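Comments concern the structure below.
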Amino acid sequence: MSKIIDGKAVAVIVRGENKAEIASLKEEGLNPKLAVILAGDDPASVIYTRSIEKACISAGALFEAFSFKDAGDEDEVVEVINRLNMDNSVHGIMIMLPLPKRMNKQRILEAVSPLKDVDGVHPLNRAYNLSNNEGLFPSTPQSCIELMVRNGLPIEGKHAVLVGRGESVGKPLIYMLLNQNATVTICHTRTRDLAYHTRQADILIAAAGIAKMITADMVKPGAIVVDVGINEMPDGGICGDVDFENVLPVAGAISPVPGGVGSLTTALIIKNLLKAIKLSKKRH
């Protein structure tokens, strides 16, 4: 019988850790605060901003959102970021993506101080991930690692096959897996004979954004299967990149959608906020 990798259960544990750490910091006179920049009116970004606000409130952290309803002026957004960088009462800054097309995404992301970059998108933090140094890293690929580690699923020495090479999940996850001493194969939508590669995997991670693309015949019996995909179905529900029902009897362990990787991301944003405080103290 396959083990269900329960993201909600892990999220409860991480939220509890966050809450306890924030309470301890408050006793020292420090109130952790996260600032979110929301430019434009992308519906998913608006919803995600609200979910992060709720996560902050639940954990006991302060939260402030800066909205630019008309997509804002790029210089104005950068000016706000610079002000937040200098504000010692703000410990984390997050830029909601996607940004409006007319904005220079790279300029805005690079404006955020690497020590406050809780979403791990600054080039310096990407370099820290690549070189296995301390930094702030993206929450979704981190969630994949946390789910396996906290469920006692070994990564070291395993052959991990990652399907997906996107900037937000696939590429950062390559180095996170390598830093866990996995042997990593990278596949994507243009990989020839994809099933041949996925059947070699001890750990199979699907992050391509294609509904149910990983079928039962593509999975090695007993493999750990982590599904990062979130795809809307015709009936309004969501499904992952893995054909969950049919892969379930084959896999040794599998994360569901919903209830898997996505359940943990907001808790890890708060965890990164607390890590930012530690890194700032250490580097200053």
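Scanning segment 274-281 for any residue that is small (Gly, Ala, Ser), crowded, with 22+ Cβ neighbours inside 10 Å, in contact (Cβ under 8 Å) with a residue 12 or more places away in the chain and within 25 Å of residue 56 (Cβ to Cβ) turns up at least one such residue. For the structure I just gave you, tell me whether residue 139 is touching a residue at least 60 places away in the same chain (Cβ under 8 Å), touching a helix residue (DSSP H, G or I) at 6+ places or on another chain (Cβ under 6 Å) and either open to solvent by 50 Å² or more (accessible area, probe 1.4 Å) or small (Gly, Ala, Ser) (or both). Judged against the criteria, residue 139 is a match.
Take the conditions (1) under 24 Å from residue 52 (Cβ atoms); (2) touching a residue at least 40 places away in the same chain (Cβ under 8 Å); (3) surrounded by 18 or more Cβ atoms within 10 Å (Cβ to Cβ); residue 134 misses just one of them, which is (3).
One residue alone among 105, 101 is at pLDDT below 95, farther than 22 Å from residue 263 by Cα and in contact with a Leu (Cβ under 6 Å, 6 or more places away or on another chain), and that residue is 105. Considering (1) in contact with an Asp or Glu (Cβ under 7 Å, 6 or more places away or on another chain); (2) at negative phi; (3) assigned to a loop (DSSP other than H, G, I, E, B), say which one residue 212 fails and leave the rest. The failed condition is (2).
Pairs linking a residue in segment 1-17 that is open to solvent by 70 Å² or more (accessible area, probe 1.4 Å) and of a type in the set (S, T, N, Q) to a residue that is in a helix (DSSP H, G or I) and at pLDDT below 95, with Cβ atoms under 6 Å and 6 or more positions apart or on different chains, do not occur.
Residues in segment 34-53 that are touching a residue at least 60 places away in the same chain (Cβ under 8 Å) and either among the acidic types (Asp, Glu) or surrounded by fewer than 19 Cβ atoms within 10 Å (Cβ to Cβ) (or both): 51 only.
Does residue 222 fit the bill of being in contact with a Pro (Cβ under 8 Å, 6 or more places away or on another chain), among the small types (Gly, Ala, Ser) and either closer than 16 Å to residue 255 by Cα or open to solvent by 50 Å² or more (accessible area, probe 1.4 Å) (or both)? No. Answer yes or no: is there a residue in segment 225-243 that is surrounded by 16 or more Cβ atoms within 10 Å (Cβ to Cβ) and touching a Leu at 6+ places or on another chain (Cβ under 8 Å). Yes: segment 225-243 contains one or more residues that are surrounded by 16 or more Cβ atoms within 10 Å (Cβ to Cβ) and touching a Leu at 6+ places or on another chain (Cβ under 8 Å). Here the condition is being at pLDDT below 95, under 22 Å from the mean Cα position of the chain (by Cα) and of a type outside the set (A, V, I, L, M, F, W, C); of 135, 237, 164, 152, it holds for 237 alone.
Would it be correct to say that residue 271 is at pLDDT 95 or above, in a loop (DSSP other than H, G, I, E, B), among the basic types (Lys, Arg) and open to solvent by 60 Å² or more (accessible area, probe 1.4 Å)? Answer is no for this residue. Taking first residues from segment 195-223 that are within 14 Å of residue 2 (Cα to Cα) and partners that are open to solvent by 40 Å² or more (accessible area, probe 1.4 Å) and of a type in the set (S, T, N, Q), the Cβ contacts under 8 Å between residues at least 6 apart in sequence or on separate chains come to 216/246; 220/200.
If you go through segment 80-99 and keep only what is under 20 Å from residue 166 (Cβ atoms) and open to solvent by less than 40 Å² (accessible area, probe 1.4 Å), you end up with 94, 95, 96, 99. In this structure, does residue 202 turn out to be open to solvent by 40 Å² or more (accessible area, probe 1.4 Å) and out of contact with any Asp or Glu (no Cβ under 8 Å at 6 or more places or on another chain)? Against the criterion (open to solvent by 40 Å² or more (accessible area, probe 1.4 Å) and out of contact with any Asp or Glu (no Cβ under 8 Å at 6 or more places or on another chain)), residue 202 qualifies.
Filter segment 106-127 for residues that are touching a residue at least 12 places away in the same chain (Cβ under 8 Å) and under 17 Å from the mean Cα position of the chain (by Cα) and give the result. Once the filter is applied, which keeps residues that are touching a residue at least 12 places away in the same chain (Cβ under 8 Å) and under 17 Å from the mean Cα position of the chain (by Cα), segment 106-127 yields 109, 114, 116, 117, 118, 119, 120, 121, 122, 123, 125, 126. Could you tell me whether segment 57-73 includes any residue that is surrounded by 13 or more Cβ atoms within 10 Å (Cβ to Cβ), assigned to a helix (DSSP H, G or I) and in contact with a Lys or Arg (Cβ under 9 Å, 6 or more places away or on another chain)? Looking through segment 57-73, at least one residue is surrounded by 13 or more Cβ atoms within 10 Å (Cβ to Cβ), assigned to a helix (DSSP H, G or I) and in contact with a Lys or Arg (Cβ under 9 Å, 6 or more places away or on another chain).
The values are calculated or read from the model by the stated rules, or taken from the named source; none is laboratory data. Quick caveat, the model's predicted, so the values are computed rather than measured. In this analysis, Cβ positions are derived from the backbone assuming ideal geometry, glycine residues included, and neighbour counts consider all displayed protein chains. Side chains included, ligands, DNA and RNA excluded: accessible areas come from the protein's heavy atoms. Shrake-Rupley method; radii C 1.70, N 1.55, O 1.52, S 1.80 Å.
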